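The structure appears right after this line, and notes come after that.
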Amino acid sequence: MRWRTTAWLSFVALCALGLALVPSLGLSLAFWFYLVLWVTMASGLNVMGGFTGYLPFGYVAFYGVGAYAMAISVRKLGLPLELSLIVAAATGLLLSVLMARTLVLRGIYFSIVSLALAVICRLLIANLPDAYAGGSFGITLGIGRPQLAYYTMLVLMVTTLLAVTWLSQSRLGMALRAIRDDPDTAETMGIDIGRARLKAWMISAVIAALAGAIEAWYTNIVDTETAFNLLVSTKTIIYAVAGGLGTVIGPVVGVLAMLSVDNLIWKNFPVLNVFLLGLSIVLLMLFLPRGIVGTLVWRLPRLRRFLF
C-alpha cells in the first residue's frame, strides 16, 4: 500500500508539474483548463457515486451555485477573489446541507430527486431580481485573468486528487464502501450511515462549487443557461463511469480517454461527431461495464497492487 500510494502521488506530482508548464509552452490554454476542470469534477462526483454508491444526476446544482456565488461576490459585493472563492465553497457546503434530506433515498430515486433540485436551483436564481443575479443576461465579472484562473483550477485538481487518495485509505472511505455494498449490514456493524453519507456529500459539493466558481472566473461571465447546463452533470458522470467509479485513478483515466476520443472525432468526422461519440460510449459500457480501470482490476486482480 505504501509503495502504491507513493507511486500514485509521484505520478500526480509529475502531471501537475507538466500542466503547470502549459502557459509557458504556448499550448491551448482552453483545452488544458477544461481537461483539469473535468478531472476535478469527475473525481468530486466519484466521492458520492463511486465510494458511497449515490449517483447525483443533479450534481450541476453545486457547480452552478458556486459560479453564481463567485460572480455575485465579486461583481455585486466587491469582495476580493480569495474571499469570493471561500464564499463559493461555503455556498456549496450550505446547499449540500439543505439537500441532505435526499440522502435517505436510494438508487434511482436519489438520482431523480437530485436532478429535480438542480432544476429548482436554476429557476430560483433565474427569477431573482436582475440587480442581484443579472437576469437572463447573466453577470459579467470584469476580472479576466485566465492564466491565473488556470493555475487555481490546477491547484484545486491536485487538492481533490489528494483528498480522494486520503479518502480511499481512511476509515471514512471504508465506511462509505460498506454503505455502498450493503447499507443494512453496515448499519448493523455500527457505522453511522447518515453521518458518513453527509460527510461524503459535503466534500463532493465543495469540490463542484469551487470548480464552478473558478470556471466563472476563467470565462468572466455567468448565466443560468451555462452554469446550470445539465450537460455538466452528464459529462461528469460519463467521464467518471468510463474510467471506473470507486477507484482513485479511474476518473482521471476516463477524462483522458473520452476527451481524446472526442477530439479525434471532432478533427476527422465533424459532421458525425455526436453520433460517433454516443456510439463510443455505448461500446465502452458494453465491453467495459466497470469502466476502464475497474474492468482491468476485475479481470486482472494482480493490478490491484498498482492501481487503486
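Residue under question is residue 229, and the condition is that it be of a type in the set (S, T, N, Q) and over 21 Å from residue 204 (Cα atoms); does it hold? It is false that residue 229 is of a type in the set (S, T, N, Q) and over 21 Å from residue 204 (Cα atoms). Figure legend. Inter-residue proximity from segment 270-284: first residues within 15 Å of residue 259 (Cβ to Cβ), second residues among the small types (Gly, Ala, Ser), beta-carbon distance below 8 Å, spacing 6+ or different chains. Indicated pairs: 281/242; 284/242. Filtering segment 1-35 down to residues that are surrounded by 15 or more Cβ atoms within 10 Å (Cβ to Cβ) and among the hydroxyl-bearing types (Ser, Thr, Tyr), which residue is modelled with the highest pLDDT? So the residue we want is 34. Any residue at all in segment 75-83 that's in contact with a strand residue (DSSP E or B) (Cβ under 9 Å, 6 or more places away or on another chain) and in contact (Cβ under 8 Å) with a residue 24 or more places away in the chain? The answer is yes, given that some residue of segment 75-83 is in contact with a strand residue (DSSP E or B) (Cβ under 9 Å, 6 or more places away or on another chain) and in contact (Cβ under 8 Å) with a residue 24 or more places away in the chain. Looking only at residues that are polar (S, T, N, Q) and assigned to a helix (DSSP H, G or I) in segment 168-188, which one is surrounded by the fewest Cβ atoms within 10 Å (Cβ to Cβ)? The qualifying residue surrounded by the fewest Cβ atoms within 10 Å (Cβ to Cβ) is 188. Close Cβ contacts (under 8 Å, 6 or more residues apart or on different chains) running from residues in segment 194-211 that are within 15 Å of residue 67 (Cα to Cα) to residues that are charged (D, E, K, R) and modelled with pLDDT of 95 or more are absent.
All of 238, 191 fail the test of being surrounded by fewer than 22 Cβ atoms within 10 Å (Cβ to Cβ), in contact with a helix residue (DSSP H, G or I) (Cβ under 9 Å, 6 or more places away or on another chain) and outside any helix (DSSP H, G or I), apart from 191. Residues that are touching a Leu at 6+ places or on another chain (Cβ under 6 Å), modelled with pLDDT of 85 or more and assigned to a loop (DSSP other than H, G, I, E, B) do occur in segment 204-227. Scanning segment 133-167 for residues that are aromatic (Phe, Trp, Tyr) and exposed (fewer than 13 other Cβ atoms within 10 Å of the Cβ) yields a count of 1.
The values are calculated or read from the model by the stated rules, or taken from the named source; none is laboratory data. Every value quoted in this text rests on a predicted model; they were computed, and no experiment measured them. So basically every Cβ, Gly included, is an ideal-geometry build from the backbone, and we count neighbours across all protein chains shown.
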